[in-house]
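None of the figures in this text is laboratory data; all of them are computed from the coordinates on show. As the structure is a computational prediction, the values presented were derived from the model and not from experiment. FYI the Cβ positions are ideal-geometry reconstructions off the backbone, even for glycines, and counts take in every protein chain you see.
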Amino acid sequence: MSDPPLAAPGAGTGRSGRVGLLVWRISGAAGPVLAVILALLAIWYAATVWLNAQWVLDQAARADRMAGFGDILRGTLNQERPVLPAPHQVAAELWNTVALQPVTSRRSLVWHAWVTLSATLTGFGIGTVLGIALAIGIVHNRAMDMSVMPWAIASQTIPILAIAPMIIVVLNSVGVQGLLPKAIISAYLSFFPVVVGMVTGLRSPDAAQLDLMRTYSASRAQTLWKLRFPASLPYLFASLKVGVAASLVGAIVGELPTGAVRGLGARLLSGSYYGQTVQIWAALLMAAFCAALLVGLIGLIQRLTLGRMGLAR
Amino acid sequence: MVVEARRLDLTFQTADGPVQALSDVSLDIRAGDFVSFIGPSGCGKTTFLRVIAGLEEATGGSVSVNGMTPDEARRARAYGYVFQAAGLYPWRTIGRNVKLPLEIMGFDRAEQDRRMRDVLRLVELEGFERKYPWQLSGGMQQRASIARALAFDAALLLMDEPFGALDEIVRDRLNEQLLDLWARTGKTICFVTHSIPEAVYLSTRIVVMSPRPGRIADVIDSPLPRERPLDIRDSAAFIEVAHRVREGLRAGMGDDV
Ligand SMILES: Nc1ncnc2c1ncn2[C@@H]1O[C@H](COP(=O)(O)OP(=O)(O)OP(=O)(O)O)[C@@H](O)[C@H]1O
Ligand SMILES: [Mg+2]
């Protein structure tokens with residue numbers, strides 16, 4: 001493999017140069033990112049003191065004392081069932097449930113996260129395949145174009161909290177339990193952005209690009225595979241990012257109605273049951289981390305794929 | 001007869017009323033002809049080419065391509081079409097863009113590679129097959145799109161201002177190469193251009209068109225020999241033909257000028 005005698009843009013920027021650039025970018029971004037995190041923590045602490053103060057004041061009133069500022073500070077930041085737990089309490093809870101537990105243990109948040117993630121990924125897979133299939137049908141078939149889209153839109157206007165218990169109960173009655181009902185709810189939420197994005201993407205080739213295919217007298221399948229599909233990929237990735245986040249929400253919601261004991265949804269449920277706000281916040285942070293991870297992963301695949309296709313400049 | 005057009009009419013229905021793009025166009029194109037279409041912008045050159053290609057349907061009259069309807073000819077992959085804009089697919093390298101028609105028409109891989117290299121050499125783009133379109137200049141992209149149309153070796157070539165975006169020097173060389181290709185292969189070529197010298201240099205017949213509605217103002221059979229070195233453009237016969245084309249264009253414009 002020899003390169004053609006043409007200087008490509010960016011030629012001469014070797015691997016080491018690229019790594020250097022990356023390091024420079026990250027360190028350049030670190031300052032602002034750190035500042036934002038510190039600001040958020042400060043706001044969080046202030047809110048913790050403010051929201052939990054009432055309890056301290058009540059305690060003091062009952063004991064017939066005046067609570068000073070120091071008492072309030074001490075009393076608000078380490079409550080067992082605070083209205084809003086302090087960041088260090090959540091951090092400690094995360095440390096205890098993530099680092100100090102074997103990941104196979106039921107007390108490990110990683111284990112719960114994995115239970116939810118496996119349903120998320122299954123549902124996301126089903127939703128993506130379904131979404132792409134529907135989009136291909138919509139683009140190629142006028143009847144489907146007219147009939148499917150309204151139903152898809154209608155399906156998304158039903159609150160998922162209303163329909164999730166029904167799906168679970170119905171599936172339960174036919175003996176389907178565990179991962180699959182959650183995955184179906186998750187697919188229910190994620191197919192929609194994929195349909196919308198893919199329909200737009202498959203229709204994105206312009207008249208000239210389609211005319212070229214006509215001059216070759218290409219079949220519909222060839223036009224789909226060699227023109228519409230590659231043209232749709234940037235749109236697909238954009239909707240996959242929305243879809244995967246929706247999938248995670250679907251899987252968590254799917255864990256709520258049955259009083260499940262496994263998964264992030266179960267942690268949220270039992271936390272609110274017993275007033276364990278620290279546990280709730282730890283589960284929330286874990287869910288946010290999972291969402292960021294999934295979206296980041298899709299972003300990475302997007303960069304690699306579009307880069308290989310010469311579409312990312 | 002490769003193309004036979006009889007009293008062709010084409011009216012586009014647009015939002016602000018009908019636009020008559022072609023009116024009463026009759027033309028015969030014989031096998032091996034090099035026919036140029038010249039005329040002011042909007043006189044229907046592209047539209048006529050698209051009718052031949054079966055991309056647009058005439059609203060009146062008749063047209064046949066190789067004795068078939070344009071649509072049948074299109075299905076029989078009777079022609080290669082070079083569009084006014086290069087229209088390369090941005091996610092394909094130059095090499096894979098050229099191979100696109102070959103993939104669709106089911107050539108085997110070795111044959112695809114061989115033909116791709118051949119036509120890229122012909123348009124002087126060898127070594128660029130792994131570049132993406134955006135890495136090439138506009139003129140290079142246009143040459144790649146010509147290579148793509150040549151790759152599957154159709155007997156009829158429809159070329160819509162293929163060299164419009166190129167500089168004079170490259171254009172001269174490609175004109176020579178196109179003539180050479182035409183002489184060697186005996187293809188029939190329909191060629192749209194805005195340049196009088198280009199039309200006269202290349203063609204055996206020059207079709208002068210005029211606008212509103214688009215129609216044929218004059219058809220000039222070139223007296224020039226088929227063998228044409230570049231300096232034929234200084235000969236008296238060449239200048240004579242060029243003069244006739246210019247007169248035809250002026251007459252076609254009527255009161256507009
Ligand atoms: N798809 C279309 N819908 C409506 N009107 C059209 C369409 N295509 C072309 N026309 C009209 O038909 C006429 C002829 O257009 P055409 O593109 O054939 O001109 P042309 O001779 O190729 O011009 P140019 O030299 O600028 O390329 C123009 O008036 C144009 O506005
Ligand atoms: Mg045109």
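So, of the residues in the range B:71-130 that are within 16 Å of ligand 2 (Cβ to nearest atom) and among the aromatic types (Phe, Trp, Tyr), which turns out to be surrounded by the fewest Cβ atoms within 10 Å (Cβ to Cβ)? The extreme case among them is B:Phe83. Just name the residue that is farthest from the other protein chains (Cβ to nearest Cβ) out of those in the range B:10-27 that are more than 16 Å from ligand 2 (Cβ to nearest atom) and closer than 11 Å to B:Val63 by Cβ. Only one residue tops the list, namely B:Ser26. Has the range B:41-52 got at least one residue that is away from ligand 1 (no atom under 15 Å from the Cβ) and under 14 Å from the mean Cα position of the chain (by Cα)? Within the range B:41-52 (the criterion being away from ligand 1 (no atom under 15 Å from the Cβ) and under 14 Å from the mean Cα position of the chain (by Cα)), the answer is no, since none of the residues qualifies. Considering only residues in the range B:167-200 that are within 16 Å of ligand 2 (Cβ to nearest atom) and more than 14 Å from every other protein chain (Cβ to nearest Cβ), the one that is nearest to B:Arg244 (Cα to Cα) turns out to be B:Ala199.
Of the listed requirements (1) in contact with a strand residue (DSSP E or B) (Cβ under 7 Å, 6 or more places away or on another chain); (2) away from chain A (no Cβ under 14 Å); (3) under 14 Å from B:Ile216 (Cβ atoms), B:Val51 misses just one: (2). Residue-level check: of (1) at the interface with another protein chain (Cβ under 10 Å from one of its Cβ atoms); (2) part of a strand (DSSP E or B); (3) within 10 Å of ligand 1 (Cβ to nearest atom), B:Gln84 misses just (2). Once the range B:200-227 is narrowed to residues that are aliphatic (A, V, I, L, M) and assigned to a helix (DSSP H, G or I), the residue that is surrounded by the most Cβ atoms within 10 Å (Cβ to Cβ) is B:Val200. Do we have B:Val3 as aliphatic (A, V, I, L, M) and under 18 Å from B:Phe191 (Cβ atoms) here? Spelling it out, B:Val3 is indeed aliphatic (A, V, I, L, M) and under 18 Å from B:Phe191 (Cβ atoms). With respect to B:Lys131, is the statement that it is more than 16 Å from ligand 1 (Cβ to nearest atom) and part of a loop (DSSP other than H, G, I, E, B) true? It is true that B:Lys131 is more than 16 Å from ligand 1 (Cβ to nearest atom) and part of a loop (DSSP other than H, G, I, E, B).
Elements of the type helices (runs of 4 or more DSSP H) sitting completely within the range A:211-313 and holding at least 1 residues that are under 30 Å from B:Ala53 (Cα atoms): these cover A:220-223, A:229-255. The set of residues from the range B:16-38 being on the phi < 0 side of the Ramachandran plot, within 18 Å of the chain's Cα centre (by Cα) and outside any strand (DSSP E or B) comprises B:Arg30, B:Ala31, B:Asp33.
Applying a threshold of 7 Å to beta carbon distances and a minimum spacing of six or more residues, or different chains, the list of pairs starting in the range A:203-223 at a residue that is of a type in the set (D, E, K, R) and ending at one that is surrounded by fewer than 18 Cβ atoms within 10 Å (Cβ to Cβ) reads A:Arg220/A:His140.
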